[in-house]
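Colleague: Sharing a structure with you now.
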Amino acid sequence: MIIVMQPDADEKAIEAVEAKILAQGLQVHISRGTERTLIGAVGDERKLDPEMFDPMPGVEKSMHIVKQYKIVAREWHKANTVIDVAGVSIGGKTVQVIAGPCSVETGPQMDVAAAGVKAAGARLMRGGAFKPRTSPYTFQGKGVEGLELLRTAADAHGLPIVTELMDPRMLETFLQYDVDVIQIGTRNMQNFDLLKEVGRTTKPVVLKRGMSATINEWLMAAEYIAAGGNHNIIFCERGIRTFETAYRNVLDVTAVPVLKRETHLPVIVDPSHAGGKAWMVPALSCAAVAAGADGLLIEVHPNPCDAWCDADQALTLAEFATLMEQLGAVARAVGREL
Ligand code: PEP
Ligand code: MN
């Protein structure tokens, strides 16, 4: 960290900054220029924060010089990390597609969905049992019964499952049902206690981007999970909030190459929650794969008009099958496969 002193900072102010750095166990390097003094804190600066220095007398500003995330950073781990989910590799040459309904509704709905997405080439199945709904009066998910229905339908078709965890108190149950991938939703990206809890497991985690989160905040959220010992993290861009109102969210395609540069961990894209309309999903999916996404998370329902949640953005099974064919060509064009 570098602390820039004000031009008129006196020796007492410089000494106070120096003492604070030493007290944290770091070394001090002072550079006296003609106009200003710069104080460098040398050592593991991640434990320092600009807040510790900015209010001190004589300090103009302070800033980090290294990134605050470490385990998830490509700087420290050059090769791509490939995460194994029950035999399915995420982050390798193959672009993996996770598909299924927004929410688990009934046994037949899940069985038809599982059969359809599997036949079209999806390698994992999604389905929400615990739903984060804007209104407390709308369908909140089937809860544990939903986990059971998802597990049963997906097992019958040999698909690992991805489902959202909202409450750390349900983690044990998720482990009992052997949920293959725990999804942390956009609304919980900075629920640090939840992140710490999943960080204590070895289960792969899909970490969705907070709808108003910066790339740095997202990487720091992943670092929370990684710091607990769980390095099986998959980033999922799902659209961010902007001034635009013509679609549900803006798919930040730029985030894909930026994240691939910043982290060695896999990056997938959810085109369904980004666009919010089924007809937008094919274009956004193609864009994501072309931009280098390692996978897609797509909402598919046997009968979208009757879906209990996010009906407007779900693809039919036929639409999904057509999209998968199109995506194969896009994947091959960028040196990947589907
Ligand atoms: C979902 O995947 O169904 C979901 C609620 O996603 P998000 O957290 O991105 O809104
Ligand atoms: Mn949804």
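The values are calculated or read from the model by the stated rules, or taken from the named source; none is laboratory data. Note that this is a predicted model, so its numbers are computed, not measured. Virtual Cβ from ideal backbone geometry, glycine too; neighbours counted across all protein chains shown.
Colleague: Right, Tyr69: more than 16 Å from ligand 2 (Cβ to nearest atom), of a type outside the set (Gly, Ala, Ser) and not assigned by TED's automatic domain parsing to the domain that holds Gly185 or not?
Modeller: Against the criterion (more than 16 Å from ligand 2 (Cβ to nearest atom), of a type outside the set (Gly, Ala, Ser) and not assigned by TED's automatic domain parsing to the domain that holds Gly185), Tyr69 qualifies.
Colleague: Tally the residues that are free of Cβ contacts under 8 Å to residues at least 40 places away in the same chain and either closer than 16 Å to Asn80 by Cβ or surrounded by fewer than 24 Cβ atoms within 10 Å (Cβ to Cβ) (or both), restricting the search to the range 225-251.
Modeller: 14
Colleague: Could you tell me whether Thr134 is surrounded by fewer than 23 Cβ atoms within 10 Å (Cβ to Cβ) and without any contact (Cβ under 8 Å) to a residue 24 or more places away in the chain? Spell out how you get there, then give the answer.
Modeller: Values: surrounded by fewer than 23 Cβ atoms within 10 Å (Cβ to Cβ): yes; without any contact (Cβ under 8 Å) to a residue 24 or more places away in the chain: yes.
Considered against the rule, which asks whether it is surrounded by fewer than 23 Cβ atoms within 10 Å (Cβ to Cβ) and without any contact (Cβ under 8 Å) to a residue 24 or more places away in the chain, Thr134 comes out as yes.
Colleague: Looking at (1) within 15 Å of ligand 1 (Cβ to nearest atom); (2) in a loop (DSSP other than H, G, I, E, B); (3) more than 11 Å from Met189 (Cβ to Cβ), which one does Thr201 not meet, given that it meets all the others?
Modeller: Failed condition: (1).
Colleague: Give the residues of the range 98-121 that are in a loop (DSSP other than H, G, I, E, B), within 15 Å of ligand 1 (Cβ to nearest atom) and out of contact with any Leu (no Cβ under 6 Å at 6 or more places or on another chain), sorted by residue number.
Modeller: Pro101, Cys102, Glu105
Colleague: Sticking with this structure for a sec: Restricting to the range 261-277, what's the tally of residues that are farther than 20 Å from Ala314 by Cβ and free of Cβ contacts under 8 Å to residues at least 40 places away in the same chain?
Modeller: Of the residues in the range 261-277, the ones farther than 20 Å from Ala314 by Cβ are 261-267.
This time we only want the ones that are free of Cβ contacts under 8 Å to residues at least 40 places away in the same chain, so: 267.
Counting residues in the range 261-277 that are farther than 20 Å from Ala314 by Cβ and free of Cβ contacts under 8 Å to residues at least 40 places away in the same chain gives 1.
Colleague: For the range 284-301, name all the residues that are buried (at least 22 other Cβ atoms within 10 Å of the Cβ) and more than 16 Å from ligand 1 (Cβ to nearest atom).
Modeller: Hits for the range 284-301 are Val289, Asp294.
Colleague: Also: Tell me, please, whether a residue that is within 16 Å of ligand 1 (Cβ to nearest atom), in the same structural domain as Glu223 (by TED's automatic domain parsing), acidic (Asp, Glu) and surrounded by fewer than 24 Cβ atoms within 10 Å (Cβ to Cβ) can be found in the range 309-323.
Modeller: There is at least one residue in the range 309-323 that is within 16 Å of ligand 1 (Cβ to nearest atom), in the same structural domain as Glu223 (by TED's automatic domain parsing), acidic (Asp, Glu) and surrounded by fewer than 24 Cβ atoms within 10 Å (Cβ to Cβ).
Colleague: If we scan the range 162-185, do we find a residue that is within 18 Å of Glu299 (Cα to Cα), of a type in the set (Lys, Arg) and away from ligand 1 (no atom under 16 Å from the Cβ)?
Modeller: No: zero hits.
Colleague: If I go through the range 158-169 residue by residue, how many of them are surrounded by fewer than 17 Cβ atoms within 10 Å (Cβ to Cβ) and either under 17 Å from the mean Cα position of the chain (by Cα) or not small (Gly, Ala, Ser) (or both)?
Modeller: Of the range 158-169, the ones surrounded by fewer than 17 Cβ atoms within 10 Å (Cβ to Cβ) are 158, 167-169.
So of that shortlist, the ones also either under 17 Å from the mean Cα position of the chain (by Cα) or not small (Gly, Ala, Ser) (or both) come out as 167-169.
Qualifying residue count for the region: 3.
Colleague: Which of (1) modelled with pLDDT of 95 or more; (2) on the phi < 0 side of the Ramachandran plot does Lys70 not meet, given it meets every other one?
Modeller: Of everything listed in (1) modelled with pLDDT of 95 or more; (2) on the phi < 0 side of the Ramachandran plot, Lys70 misses just condition (1).
Colleague: Every residue in the range 137-157 that is surrounded by fewer than 17 Cβ atoms within 10 Å (Cβ to Cβ), within 16 Å of ligand 2 (Cβ to nearest atom) and in a helix (DSSP H, G or I), please.
Modeller: none
Colleague: Then there's this: Between Asp54, Asp44, Asp8, which is more than 22 Å from Lys70 (Cβ to Cβ) and without any contact (Cβ under 8 Å) to a residue 24 or more places away in the chain?
Modeller: Asp54
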